[in-house]
Amino acid sequence: PTMKTFNCAATALAFSLGLTPVVALAQTNTVHGEVKKIDTSAGKITLKHGPITNLDMTEPSKTMVIRVKDPAILTKVAVGDKVTFEADRVGGYITVTEIQKAK
């Protein structure tokens, strides 16, 4: 094999190995919940949800007001919708980073 072939194979291997943990991580951070209230002007949403494992919140069910990273995502859902979402700590606050209606 030529050096070019080896570099391509090594790059492909590194790329595939690099993506694997990211894909697995994204799947484990998905939380199921239900929209209870939306406060667009404050950029907050009230969600009844299950555990948020990436934030060490292991309670089986909890209702809380959570900030959203981008208020535009609040237009994707309505009160009463079953949703899946991702949350993280942003600026020290628990923040919804992505949300969508559950399938």
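The values are calculated or read from the model by the stated rules, or taken from the named source; none is laboratory data. Remember, predicted model here, so these are calculated numbers, not experimental data. Positions of Cβ are backbone-derived with ideal geometry, glycine not excepted, and every protein chain shown enters the neighbour counts. Areas reflect the complete protein model, heavy atoms only, side chains present, ligands, DNA and RNA absent. Shrake-Rupley method; radii C 1.70, N 1.55, O 1.52, S 1.80 Å.
Where residues in segment 19-54 are small (G, A, S) and at pLDDT 50 or above, which of them is most open to solvent (accessible area, probe 1.4 Å)?
Going through the qualifying residues, I end up with S41.
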> Looking at segment 75-103, which of its residues are part of a loop (DSSP other than H, G, I, E, B) and basic (K, R)?
Replying inline: K103
> Of the residues V90, V79, V65, which is among the hydrophobic types (A, V, I, L, M, F, W, C), within 21 Å of K103 (Cα to Cα) and open to solvent by 60 Å² or more (accessible area, probe 1.4 Å)?
Replying inline: V79
>> Of everything in segment 49-103, what is without any contact (Cβ under 8 Å) to a residue 40 or more places away in the chain, within 11 Å of V35 (Cα to Cα) and under 12 Å from the mean Cα position of the chain (by Cα)? Give them in sequence order.
In response: Q100
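What strands (runs of 3 or more DSSP E) completely inside segment 27-74 contain at least 3 residues that are charged (D, E, K, R)?
31-39
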